[in-house]
Amino acid sequence: MNSYGDRVLTYHSAEWRPDLLLRILLLWTSVLTMTVWLPFVRASIEGQAYQWTWAGGIGGRGLSGAYWVLPLSVVLVLGLFYFGWRGGRQPFHWLLLVVHGSVAAAVFYAAIHEPDALFFEGATLGVKFSFAHSGPIVFGTVFASAVWWVVRDLQSHRARLAPSWIWTRGKRVRLALIVAIVPAQIVLLRNWGPFGAGAMIGVFLSAWQWFLITQGLLIPGYSRGRER
């Protein structure tokens, strides 16, 4: 390609922004993967006092059992957000499909074979609700949307260059907040967990921390326009 073509390619790469559908998918992924982040944080801090369970009998107590699945899952999910926000580069497409495809498949299977087991329970917050009827519709729609976005994006043949990282004041503030939450998590979750009022505050702080990471820190400056 000539120099003019190189300049055009670079310009369009630098101008890439996630479209509305991708933003919605990544926001929903942040909500969904809270089921990874919260058990990881709580099991790491509370130890044997905290027990977690996923579908298929995967679970553990503190650092025992299948604890190793939690940090591995956190790394994979962070990779999904990193590549998704930074140009939608590979292996983002396949990570997106694996995450939402596996969840949709598990929900459909449970809705057919074990509908009574298809519920969400947050013991600390006193929350428990079934999604045996709504689950297949919601998660099936999300997966179909992810497939449509991936197919459309791959067919666009757009340039997939990594955007420059801009270490803005907003990024520094978010990082400071993420780090500052850690001591509060340790005090609240270790001293008041797993069901006390302090643990409830710790859970809310951990959820906020996850959103600061996945919907803030990992987003290049251009993804939200000009940062302050």
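The values are calculated or read from the model by the stated rules, or taken from the named source; none is laboratory data. These numbers come from a predicted model, not from an experiment. Methodologically, a virtual Cβ is constructed for each residue, glycine included, from the backbone with ideal geometry; neighbour enumeration extends over all protein chains shown.
Looking at the structure I just gave you, is Thr33 buried (at least 21 other Cβ atoms within 10 Å of the Cβ) and either on the phi < 0 side of the Ramachandran plot or among the aromatic types (Phe, Trp, Tyr) (or both)? The answer is yes for Thr33. Just to be sure, is His100 over 23 Å from Phe204 (Cα atoms), modelled with pLDDT of 95 or more and not polar (S, T, N, Q)? Yes; evaluated as a whole, the condition is true for this residue.
Figure legend. Inter-residue proximity from the stretch 207-219: first residues in contact (Cβ under 8 Å) with a residue 60 or more places away in the chain, second residues part of a helix (DSSP H, G or I) and among the hydroxyl-bearing types (Ser, Thr, Tyr), beta-carbon distance below 8 Å, spacing 6+ or different chains. Indicated pairs: Trp210/Ser30; Phe211/Ser30; Thr214/Thr29; Thr214/Ser30; Gln215/Ser30; Leu218/Tyr82. Being of a type outside the set (A, V, I, L, M, F, W, C), surrounded by 17 or more Cβ atoms within 10 Å (Cβ to Cβ) and over 18 Å from Pro220 (Cβ atoms) is a property that His113 lacks. From the list Arg23, Arg61, Arg42, the one residue that fits, being at pLDDT 90 or above and more than 26 Å from Arg160 (Cα to Cα), is Arg42. Can we say Gly84 is modelled with pLDDT of 90 or more, surrounded by fewer than 19 Cβ atoms within 10 Å (Cβ to Cβ), in contact with a helix residue (DSSP H, G or I) (Cβ under 9 Å, 6 or more places away or on another chain) and of a type outside the set (S, T, N, Q)? No; evaluated as a whole, the condition is false for this residue.
Screening the stretch 190-206 for residues that are modelled with pLDDT under 90 and part of a helix (DSSP H, G or I) and picking the one that is surrounded by the most Cβ atoms within 10 Å (Cβ to Cβ) gives Ala199. The number of residues in the stretch 154-176 being surrounded by fewer than 16 Cβ atoms within 10 Å (Cβ to Cβ), under 22 Å from Val41 (Cβ atoms) and either of a type in the set (S, T, N, Q) or in contact with a helix residue (DSSP H, G or I) (Cβ under 7 Å, 6 or more places away or on another chain) (or both) comes to 1.
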